[in-house]
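First comes the structure, then the notes that go with it.
What follows draws every value from the coordinates through simple rules; no lab data is involved. Just so we're clear, the structure is a prediction, and the values are computed from it rather than from any experiment. All Cβ positions, even for glycine, are placed from backbone atoms using ideal geometry, and neighbour counts span all protein chains on display.
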Amino acid sequence: MTPEERISELREQLHQHNYNYYVLNNPTISDFEFDSLLRELQQLEEANPHLYDANSPTQRVGSDITKEFRQVAHKYPMLSLGNTYSKSEVAEFYERVRRALNEDFEICCELKFDGTSISLTYVDGKLVQAVTRGDGEKGDDVTANVRTIRTIPLVLKGSGYPQEFEIRGEVLMPWNVFERLNTERASQGETLFANPRNAASGTLKLQDSSVVAQRCLDAYLYYLLGEELPADGHYDNLQAAASWGFKVADTMCRCKTLEEIFEYIDRMDTLRKTLPVATDGIVLKVDSLRQQRHLGYTAKSPRWAIAYKFQAERAVTRLNEVTYQVGRTGVVTPVANLDPVQLSGTIVKRASLHNADIIEKLDLHIGDFVYVEKGGEIIPKITGVDLDSRLLVGDKVQFVKNCPECGTPLIRVEGEAAHYCPNTTNCPPQLKGKIEHFVSREAMNIDSLGPETIEMLFALGLLKDVADLYTIDPSDLMFLPRMGVKSAENIVSGIASSLAVPFERVLFALGIRFVGVTVAKRLARAFHNIDALMSATMEQLTEIDEIGERIATAVLQFFAIESNRNLVERLRTAGVKFVIDDEVLQGRTQLLKGQSIVISGVFSLHSRDEYKDMIEKNGGKNVGSVSKSTSFILAGENMGPSKLEKAQKLGVRLVDENEFLNMLNK
Ligand code: IVH
């Protein structure tokens, strides 16, 4: 077989496996086998660059090429839908359609997905373009980003698709991905996405498609457009699209009567709560395309469709007080303190008010009865005030002018919604927050020092900043209430071991705004030591991959503050690492320290010698035969039967290539 033939065979197989895994949820090979095929394809493509194809399964990982999005005019405008929250308006829609058509008709009912809409163009069965809705007339060409979405086919399966067509749908961020992303952002002091919809559209607009690829977006398709569609029915067309590899909701349903439609609505209102993605209503569409044409369009939306939106669950309760929380980066968040109220299965006592603009827009007064909703958002929010029940007007809520914790006048950065307390060096919650961040697992990993101990040491003036950790007197610890000898010893030894933490994690531990784990790694690898970083210029910083002006400014600002530079000096004197380890530069680590590893079988991602080398470079020992002191077996395909038997007898674990590479963070 020529490389060309093998490449096309692999591409075809991988497209099918992708579809089985992501669309059908029914993989027929192991992840390991999938990765081996993908790796083989990657190697063949690298060796044969003239066979490059933007729709190859290898392109799903994205690239970090930065470019402005090109604006593209939609061939068919992307219209919106008429909205309603009431069943009686659904009945009116049904009646209007019945009268206008004056013949039998069916309504296709579907879930309304709450993400960001996308229009995909396919030519000869291949994805050629993906454009956002934009203003409905023209949108952004986000093809590179969309190629990373595993549920969107790059090359179609089956047959019968038009030579050229468009298909539209919704790009979504599943709830679990959304929650993970926000947790990560919170730990880096970044603003959170309010809901999965914003997260999905924000992600689609990222310049770096490799970051998009990591965000695990999903997509449901719900509208096929073109000159030669397979059927006259919308439902049938989407079933055909499903057979070409698109993800089409299996909850679609054709209804004849209004009763059937209402039943569908009620059924979906329950079902949607169990779905992995956000939905906010039902879309009703006249099924026949011929009848759709007959009904036509108004200026903004089709007359043949309507959206029924679910009422977000809402409660009314009294606003007692607005308090303010100061985070470790100084952002001040207003919090509404409410009379406890039951909402979607939990008791709500507090709700985030996000920022000053929102308070102003709501015209909030203390004592107001407010509406609290948990819609697409996880944290409940206040959506309005019940003005009819405002009897005695309390004080209007004014955003605090000074930091509630240290009294410093707050500042508001031009173009940003948040207020900050600029007193980064003396504001107690910022200082405590910084210490908690410094000792956290991903930073210096001093897990023996919990928030309560930090609070006590801070209150006693024994711990004012992170450098104080290294001069703390063990006897001071002993005098703390509820502190035993053992716990004090653990704290002392935890602090001592933190001196071995590599530079990149120290950099993360410093708590520079926007410098999360990954950014810290990039900075460490680019500058090698703190002195080079401290004297870096805007240009040098922004030259680094994925470091934009926002992060660069935060770094420059951090080191412009004298007390931060002093802090670095005090930490340096204490022995904290401010230089990258040669090992890190050369790919050496101690991740496999003390482990005896047996290699057996045939590998597809790296050669056996490469694995040997990796074991040694990462502090492990490569041994020839399995014994009870073997830590694990790095097992490839066709592992020798005697080794396998011995491993089973001794209970030695088998680790495949991928798991092994994961261990080494590769
Ligand atoms: S059909 C001309 N079907 O809702 C009709 N839209 O306000 C085109 N949406 O922009 C849209 N789920 O982003 C349709 N099953 C569904 C939908 C859906 C979500 C979104 C879409 C559209 C908006 C309409």
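Starting from the Cα-Cα distance between residue 406 and residue 350, subtract it from 0.36 nm times their residue separation and give me the gain in nm to one decimal.
Numbers: separation 56, 0.36 × 56 = 20.16 nm, distance 2.32 nm.
Net length gain for the segment: 17.8 nm.
Can you figure out the FRET efficiency of residue 383 with residue 70, using R₀ = 35 Å and their beta-carbon distance, to the nearest 0.05?
On the way: r = 37 Å, r/R0 = 1.06.
According to the calculation, E is roughly 0.40.
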- By the rule of another cysteine's Cβ lying under 4.7 Å, the cysteines of the chain that fail to get a partner are 108, 109, 216, 253, 255
- Run a plain Debye calculation on the range 333-407 (Cα atoms as equal point scatterers, no solvent) and give log10 I(q)/I(0) at q = 0.16, 0.26, 0.28 Å⁻¹, rounded to two decimals, same order as the q list. -0.61, -1.34, -1.44
- Under 15 Å from the Cβ of residue 338, count the other residues' Cβ atoms, weight Lys and Arg +1, Asp and Glu -1, and hand me the total. +1
- Please find the FRET efficiency linking residue 260 to residue 24, where r is the Cβ-Cβ separation and R0 is fixed at 30 Å, and quote it to the nearest 0.05. 0.60
- Item | Reciprocal mean inverse distance between Cα atoms of the range 381-483 - Kirkwood radius, Å | 17.0
- Query: Ratio of Rg to Rh for the chain, alpha carbon only, Kirkwood?
  - Reply: 1.01
- Item | Those residues of the range 425-462 whose amide nitrogen sits under 18 Å from the label point placed on residue 489, 7 Å along Cα→Cβ | 447-449
- Query: Rounded to two decimals, what is Rg over Rh for the range 431-588 when you use alpha-carbon atoms and the Kirkwood radius?
  - Reply: 1.00
- Query: Counting Lys and Arg as +1 and Asp and Glu as -1, each charge on the Cβ, what is the dipole of the chain about the Cα centre in debye, to the nearest 20?
  - Reply: 1000
- With label points built 7 Å along Cα→Cβ from the Cα atoms of residue 650 and residue 357, find their separation and express it in nm. 6.4
- Note on the structure: Here the percent of antiparallel bridges among DSSP beta bridges lying wholly in the chain, to the nearest 5, is 85
- Item | Charge context of residue 57, other residues only, Cβ under 11 angstrom, K/R +1, D/E -1 | +1
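What's the FRET efficiency of residue 661 with residue 102 using the Cβ-Cβ distance as r and R₀ = 51 Å, to the nearest 0.05?
Numbers: r = 66 Å, r/R0 = 1.29.
Efficiency for this residue pair is about 0.20.
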- Task: Return the whole-Å distance between the Cα centroid of the range 71-118 and the Cα centroid of the range 364-408.
- Result: 36
- Taking N as the number of residues in the range 108-216, what is its Cα Rg relative to 2.2 N^0.38 Å? 1.16
- Where q = 0.12, 0.22 Å⁻¹, what log10 of I(q)/I(0) comes from the Debye formula for the range 11-124, counting one point per Cα? -0.78, -1.34
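How about the range 606-649: which trypsin sites (Lys or Arg not before Pro) there lie in a loop by DSSP and see at most 12 other Cβ atoms within 10 Å? Intermediate results must be reported in sequence, preceding the final value.
On the way: sites: 608, 612, 617, 621, 628, 643, 646, 649; in loops: 628.
Loop-located and lightly packed - 628.
How compact is the range 510-635 by the rule of thumb for globular proteins, expressed as Cα Rg over 2.2 N^0.38 Å? Walk me through the numbers on the way to the answer.
On the way: Rg = 20.0 Å, N = 126, 2.2 N^0.38 = 13.8 Å.
That ratio works out to 1.44.
Treat the range 64-123 as a sphere of radius equal to its Kirkwood radius over Cα pairs and apply Stokes-Einstein at 10 °C in a medium of 1.306 mPa s; give the translational diffusion coefficient in µm²/s, rounded to a whole number. Could you put the intermediate results ahead of the total?
Details: Rh = 16.0 Å.
This corresponds to a translational diffusion coefficient of 100 µm²/s.
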- Per 5 angstrom bin, beginning at 0 and ending with the bin that holds the maximum distance, the Cα pairs of the range 188-320 fall in percents of 2, 7, 13, 16, 17, 16, 13, 8, 4, 2, 1, 0, 0
- Query: Between residue 8 and residue 517, what length in nm is gained on full extension when 0.36 nm per residue of separation is reduced by their alpha carbon distance?
  - Reply: 179.4 nm
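Pairs 87/112; 112/247; 361/434: which exceed 26 Å Cα-Cα? Before the final figure, lay out each step's value.
Working: 87/112 16 Å; 112/247 15 Å; 361/434 33 Å.
The answer is 361/434.
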- Message: How far apart, in nanometres, would the label points at residue 80 and residue 537 be if each is projected 7 angstrom from Cα along the Cα-to-Cβ direction?
- Response: 4.7
- Note on the structure: P(r) over all Cα-Cα pairs of the range 99-161, 10 Å bins from 0 to the longest distance, whole percent per bin, short to long, reads 17, 34, 30, 16, 3
- Give the relative contact order (percent, whole number) for the range 510-666; include only Cα pairs under 8 Å separated by 6+ residues. 18
- Stokes-Einstein diffusion coefficient of the range 421-466, Kirkwood radius over Cα pairs, 37 °C, 0.692 mPa s, in µm²/s: 307
- Using only Cα atoms, figure out Rg for the range 566-666 and give it as a multiple of 2.2 N^0.38 Å. 1.37
- Item | Net length gained if the chain between residue 275 and residue 590 were fully extended (0.36 nm per residue, minus Cα distance) | 109.2 nm
- Query: What is the P(r) of the range 254-380, as percent of Cα-Cα pairs per 5 Å bin from 0?
  - Reply: 2, 9, 14, 15, 13, 11, 11, 9, 8, 5, 3, 1, 0
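Count the net charge of all other residues whose Cβ sits under 14 Å from the Cβ of residue 444, scoring Lys and Arg as +1 and Asp and Glu as -1. Don't skip to the end; give the middle numbers.
Working: positive: 434, 441, 505, 577; negative: 436, 442, 447, 465, 468, 504.
Once all neighbours under 14 Å are counted, the net charge is -2.
As an exercise, find the ratio Rg/Rh for the range 325-375 from alpha-carbon atoms, using the Kirkwood inverse-distance average for Rh.
Across the range 325-375, the Cα-based Rg/Rh ratio is 0.99.
Do any trypsin sites (Lys or Arg not before Pro) in the range 426-522 lie in a DSSP loop with no more than 14 other beta carbon atoms within 10 Å, and if so, which?
Values: sites: 432, 434, 441, 464, 482, 486, 505, 513, 521, 522; in loops: 441, 464, 482, 513.
Here the trypsin sites (Lys or Arg not before Pro) that fit, given the DSSP loop and packing criteria, are 441, 464, 482.
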